[in-house]
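Q: Supplied in structure tokens, the structure appears directly below.
Computed from the coordinates by the stated procedures, all read-outs in this text should not be read as laboratory data. Because the structure is a prediction, the values reported are computed rather than measured. Neighbour counts run over all protein chains shown; Cβ positions are idealised from the backbone, glycine included.
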Amino acid sequence: MEKEMIKNRIAQVMIVFLASMFLIDGVLNPFRATANEDQAAPAEKIVDQTQADTQSIQGTWKFVSVEYEGKPNPEKIGDTITFMKDRIIFDQSRTDAAKTPELTFKLDATRKPKEIDMITNIKKKEFAWRGIYELDGNILKYCVSKPDRPRAKDFATGFRNGRTLSVLERVQPKDQPK
């Protein structure tokens, strides 16, 4: 008798479970198509935004301010970098430019905040400075962490956190160094 009661109880629970799943699926099903269609447009828009940002970042930029681990770095102000296709080229007029490895970059506008990776290979080992960026017309702001640190998640540096915060201004063609 007790076994039969347990079997009946299990059967009741299964029926309630299956009925609730059917009802939930039936109730939500009409909204699924709309939700998926609504989500598709923003996803495509975000992918397009990554491509648009990659296009917009192309060109030469001048450092307006630089901060490393909570301290200003005035030596970098006025230096330039150039984003060309997927590469970053540092100002070759500086004496330390010869020591600067070649970098590539990747942007991802699908993230909030938008993400930037600056990547180099030294002796067949990849190093990536990962961070976030904001591109507003002719102003580029990014905050990246040293390769051995977690990705920067905000535009802030602090004592020994391994982050660099840079604000750059686009160099107009007439202002570009010769």
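Q: Would you pick out the residues in region 112-147 that are charged (D, E, K, R) and under 11 Å from the mean Cα position of the chain (by Cα)?
A: Lys112, Lys114, Glu115, Asp117, Arg130, Glu134
Q: Let me ask something else about it. Every residue in region 66-93 that is touching a residue at least 40 places away in the same chain (Cβ under 8 Å) and within 18 Å of Ala128 (Cα to Cα), please.
A: Tyr68, Glu69, Ile81
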